[in-house]
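Reviewing the structure listed below.
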Amino acid sequence: CTYLGDAPTVPAQTPLLHQAEQELVEYFAGARHQFTVPLQPQVTPFRARVLAALAAVPYGQTCTYGDLARAVGSPGASRAVGSAMRTNPLAVFLPCHRVLPASGGPGHYSAGGSVRKEYLLRLEQSVTNR
């Protein structure tokens, strides 16, 4: 919000925001497995490649940081992939919750911690196991 005098102003609902909201509602209801909102994150070329590879990880499936590093042609860049996940500006739309450490466990999730990451993974698994 920005402030003009004493009254806060709220950004207008645009068609893009409406689409994003609708797709999130459908995702959390288990009815949407892939987002169609046009995304244009402002990131470095390497991070753009990582986010593109991330977007290709299927709903209900997981991969490791190493898998993504290999997918972008940088097999030794697992830590750099992790950094890209930490700064993912569009969590859920770009499903970094689907990326797990090779050592096992859920790993970290910058968009709300491991509890939220585990929730998203369980949501997707419950839908794919129906």
| request: On a 0 to 90° scale, report how tilted helix 45-55 is relative to the longest principal axis of the chain, with both axes built from alpha carbons and the result rounded to the nearest 10. | output: 90
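Any idea what the relative contact order of the chain is, in percent, if you count C-alpha pairs under 8 Å spaced at least 6 apart?
Numbers: 119 pairs, mean separation 25.7, N = 130.
Contact order relative to length: 20 percent.
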| message | If packing is taken as the average number of other Cβ atoms within 10 Å across a peptide's residues, how do 34-40, 54-60, 93-99 rank, most packed first? | response | 93-99, 54-60, 34-40
| remark: Quick calc: nm separation of the 7 Å Cα→Cβ label points for R79 and T36 -> 4.2
| note | To the nearest Å², the heavy-atom accessible area per residue of the chain with 1.4 Å probe amounts to 61
| remark: Within the under-14-Å Cβ sphere about S74, not counting S74, Lys/Arg +1 and Asp/Glu -1 give a net charge of +3
| request: Using 0.36 nm per residue of separation minus the Cα-Cα distance, give me the extension gain between E21 and T44 in nm, one decimal. | output: 5.6 nm
| query | For the chain, what is the Kirkwood hydrodynamic radius in Å, using each pair of distinct C-alpha atoms? | reply | 16.0
| Charge tally in the Cβ shell below 11 Å around T62, where Lys, Arg are +1 and Asp, Glu are -1, T62 excluded | 0
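The values are calculated or read from the model by the stated rules, or taken from the named source; none is laboratory data. It should be emphasised that the depicted structure is a prediction, and the values quoted were computed from it without experimental measurement. Counting neighbours? That spans all protein chains shown, and the Cβs are built from the backbone with ideal geometry, glycine included. These accessible areas exclude ligands, DNA and RNA; they are computed on the full protein's heavy atoms, side chains included. Shrake-Rupley method; radii C 1.70, N 1.55, O 1.52, S 1.80 Å.
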